[in-house]
Amino acid sequence: MDTHSKPPKLMDRVRATLRVKRYSPRTEKTYCYWIRYFIRFHGVRHPAGMGGAEVRAFLEHLAVERRVAAATQNQALNALVFLYRHVLDQPLGDIGLFSRAKRPRRLPVVLSHEDVMRVLSHLSGPMHLMATLMYGSGFGSSRRADYVSAISTSTVRSSQ
């Protein structure tokens, strides 16, 4: 038996800690991905020798260079917080301010009266009747546009 066994590697420790804390396999896979990405981003340096400044630079890179979604950036941050808090047992320190990924603004799609009339003029039979009834019944304007658009799209597809 080898009395000089090596301590477990970092990623093995991460996986073991995630499993002890009963994280899902999908979370384990995702956290391991972001931790490896973080290590590679900083030239394969061990995270124990890094801190808040390196985490901030990494999160900046994700938001500015890679243009990831806000949820993706939060996922990467959560993985790194887990690494420092539960695996390395070392305070992460002050991350400071960093560029947050922007959540996209959702603008409603609303057709003008003329646009709706133009769409309705291309419909016939039951599709025209359904679309006209929906439009005339005062369906919410953004939902109306979605339904009229869906009906006209399905009509075009079925006529081809």
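Residues that are β-branched (Val, Ile, Thr), part of a loop (DSSP other than H, G, I, E, B) and farther than 19 Å from Phe58 by Cα within the range 80-137 comprise Val109, Val110, listed in sequence order. Residues in the range 63-79 that are over 17 Å from Leu92 (Cα atoms), outside any loop (DSSP other than H, G, I, E, B) and open to solvent by 60 Å² or more (accessible area, probe 1.4 Å): 2 in all. Quick one: Arg22 ticks every box in (1) at pLDDT below 95; (2) farther than 29 Å from Arg103 by Cα except a single one, so which number is it? Unmet condition: (1).
Restricting Leu18, Leu62 to residues that are over 16 Å from the mean Cα position of the chain (by Cα) and not polar (S, T, N, Q) narrows the list to Leu18.
Among the criteria (1) within 25 Å of Gly96 (Cβ to Cβ); (2) free of Cβ contacts under 8 Å to residues at least 40 places away in the same chain; (3) surrounded by fewer than 14 Cβ atoms within 10 Å (Cβ to Cβ), the one Ala48 does not fulfil is (2). Residues considered: Phe82, Phe41, Phe139. Of these, the only one that is open to solvent by 40 Å² or more (accessible area, probe 1.4 Å), modelled with pLDDT of 90 or more and of a type outside the set (Lys, Arg) is Phe41.
The values are calculated or read from the model by the stated rules, or taken from the named source; none is laboratory data. Source: prediction; values computed, not measured. Neighbour counts are summed over all protein chains in view; Cβ atoms, including those assigned to glycine, are modelled from backbone coordinates with ideal geometry. To get the accessible areas, we keep the full protein, side chains included, count just its heavy atoms, and leave off ligands, DNA and RNA. Shrake-Rupley method; radii C 1.70, N 1.55, O 1.52, S 1.80 Å.
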